[in-house]
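Below is one structure, written out as structure tokens; the observations come after it.
The values are calculated or read from the model by the stated rules, or taken from the named source; none is laboratory data. It should be emphasised that the depicted structure is a prediction, and the values quoted were computed from it without experimental measurement. Quick reminder, even Gly has a Cβ in these numbers, built from the backbone with ideal geometry, and neighbours come from all protein chains shown. For the accessible areas, the whole protein counts, side chains as well, though only heavy atoms, and no ligand, DNA or RNA atoms are used. Shrake-Rupley method; radii C 1.70, N 1.55, O 1.52, S 1.80 Å.
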Amino acid sequence: MFSIVIPTYNNEDRIASTIESVLNQTYNDWELIIVDDGSTDSTKEKIIPYLNYQKIQYVHQPNAGVTGARNKGIEYCKSKFVTFLDADDTVTKNWLQDFYELSVESKKPGYLSGAILRNSKLVLPKVEVDISKKHYSSLAGSFAILTEIIRNIGGYDTHLKQSENWEMTARALHFCEKNNYDILFHENANLIYDNYPTNEETLLRDRYRAEAVLYLHDKYAEKGVFHYRKDEFLVSSAINFTRIKSNKIARRLFYKSFRNKPSIVALSRVIIFEIPFLRNRKWLRKDEND
């Protein structure tokens with residue numbers, strides 16, 4: 001019923017607890033595909049004891065990034081639904097059971113979502129009406145998707161290092177609505193997601209986000225599920241390039257945003273950017289201003 005894909009890269013400290021949380025599931029019709037994305041630590045040694053379970057398969061590949069690893073896992077999926085779990089997250093014992101019970105509510109289930117316990121706070125499935133009028137979650141581990149759908153839409157976009165789940169989900173939901181698959185959700189928080197990034201990790205995330213939203217602007221400039229956000233993507237990219245102090249790129253994007261869609265707001269962004277004190281106060285993270 002469920003294929004679980006865990007991509008892992010140098011997760012020697014967390015991978016075992018993630019696997020254990022899968023083994024503790026109350027629902028038993030599952031297979032686990034662990035894709036080792038070229039780890040250089042002892043990740044493989046941590047995984048080997050679990051390969052005695054017939055349900056668990058280990059795949060090794062040269063480093064291709066998380067999207068490439070997830071796509072590799074999709075190639076091995078044999079079940080009706082696929083769900084993804086990051087190697088440093090865990091799930092409750094009812095994770096798959098709740099997805100299963102959700103799926104049998106419909107004759108044509110396509111995308112299943114649940115809530116998230118994120119840094120000990122409940123995050124419920126949301127509605128973004130320009131993407132879907134139905135509630136959904138897009139963080140890996142918070143959704144399951146019909147395997148044939150994710151294959152049909154081409155899996156993950158391997159150009160993305162940030163926002164890759166959200167972008168794939170948008171395409172999947174669009175496919176579901178176009179082809180009359182049901183989009184279903186429950187409010188049980190079965191994904192345990194703890195994320196407390198260091199300053200260095202935050203800076204790297206800002207870089208990845210700057211590059212990702214600029215790529216999305218270009219990808220959806222003419223058409224597609226995110227065409228309506230192309231202007232927002234350009235501004236977001238400019239702000240994130242400002243945060244990582246790539247001011248030459250940021251300047252070009254702020255001016256391009258103003259030329260594409262002149263407005264008082266767009267002009268004010270240009271003016272703020274050109275005044276270092278205002279630029280730093282407006283867009284640099286607090287610890288960088290201290």
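What about ASN28, is it open to solvent by 70 Å² or more (accessible area, probe 1.4 Å) and under 26 Å from ILE149 (Cβ atoms)?
Here the answer is yes, as ASN28 does meet what is asked.
Taking the stated definitions as given, is LEU191 touching a strand residue (DSSP E or B) at 6+ places or on another chain (Cβ under 8 Å), under 23 Å from TRP95 (Cα atoms) and open to solvent by less than 10 Å² (accessible area, probe 1.4 Å)?
The answer is yes for LEU191.
Suppose we keep only residues that are out of contact with any Phe, Trp or Tyr (no Cβ under 7 Å at 6 or more places or on another chain) and in contact (Cβ under 8 Å) with a residue 24 or more places away in the chain within the stretch 165-178. Which one would you say is farthest from ARG70 (Cα to Cα)?
Checking each candidate, the answer is GLU177.
In the set PHE226, PHE254, which member is touching a residue at least 24 places away in the same chain (Cβ under 8 Å) and surrounded by 19 or more Cβ atoms within 10 Å (Cβ to Cβ)?
PHE226
Mind listing just one residue for me: the one in the stretch 42-82 that is of a type in the set (A, V, I, L, M) and more than 22 Å from the chain's Cα centre (by Cα) and, of those, most open to solvent (accessible area, probe 1.4 Å)?
Filtering the stretch 42-82 for residues that are of a type in the set (A, V, I, L, M) and more than 22 Å from the chain's Cα centre (by Cα), the one most open to solvent (accessible area, probe 1.4 Å) comes out as ILE48.
I'd like to know if the stretch 122-130 contains one or more residues that are modelled with pLDDT of 95 or more, under 23 Å from ARG229 (Cβ atoms) and either outside any strand (DSSP E or B) or open to solvent by less than 10 Å² (accessible area, probe 1.4 Å) (or both).
Among the residues of the stretch 122-130, at least one is modelled with pLDDT of 95 or more, under 23 Å from ARG229 (Cβ atoms) and either outside any strand (DSSP E or B) or open to solvent by less than 10 Å² (accessible area, probe 1.4 Å) (or both), which makes the answer yes.
Of everything in the stretch 179-231, what is assigned to a helix (DSSP H, G or I), of a type in the set (Gly, Ala, Ser) and under 25 Å from TYR111 (Cβ atoms)? Give them in sequence order.
Answer for the stretch 179-231, where residues must be assigned to a helix (DSSP H, G or I), of a type in the set (Gly, Ala, Ser) and under 25 Å from TYR111 (Cβ atoms): just ALA212.
Would you pick out the residues in the stretch 1-41 that are closer than 21 Å to TYR156 by Cα, of a type in the set (Asp, Glu) and in a loop (DSSP other than H, G, I, E, B)?
Within the stretch 1-41, just ASP37 meets the criteria.
Which residues, counting only those in the stretch 87-104, are out of contact with any strand residue (DSSP E or B) (no Cβ under 7 Å at 6 or more places or on another chain) and within 21 Å of ILE47 (Cα to Cα)?
Result: ASP88, LYS93.
Looking at ASP206 and the list (1) open to solvent by 60 Å² or more (accessible area, probe 1.4 Å); (2) over 25 Å from LYS72 (Cβ atoms); (3) of a type in the set (Asp, Glu), which single condition is not satisfied?
Against the list (1) open to solvent by 60 Å² or more (accessible area, probe 1.4 Å); (2) over 25 Å from LYS72 (Cβ atoms); (3) of a type in the set (Asp, Glu), ASP206 comes up short only on (1).
Do we have any residue at all in the stretch 133-147 that's open to solvent by less than 40 Å² (accessible area, probe 1.4 Å), touching a helix residue (DSSP H, G or I) at 6+ places or on another chain (Cβ under 8 Å) and assigned to a helix (DSSP H, G or I)?
yes
Only one of these is closer than 24 Å to LEU203 by Cα and either modelled with pLDDT under 95 or of a type in the set (A, V, I, L, M, F, W, C) (or both): ASN247, ASN289, ASN240. Name it.
The conditions single out ASN289.
Would you check which residues across the stretch 93-116 are in a loop (DSSP other than H, G, I, E, B), of a type outside the set (Lys, Arg), touching a residue at least 12 places away in the same chain (Cβ under 8 Å) and within 26 Å of LYS178 (Cβ to Cβ) and list them?
Matches in the stretch 93-116: GLU105, SER106.
Pairs only if they're at least six apart or on different chains, beta carbon under 8 angstrom, first in the stretch 185-211 and within 20 Å of ILE116 (Cβ to Cβ) and modelled with pLDDT of 95 or more, second in a helix (DSSP H, G or I) and open to solvent by 80 Å² or more (accessible area, probe 1.4 Å); list them, first residue then second.
HIS186/GLU101
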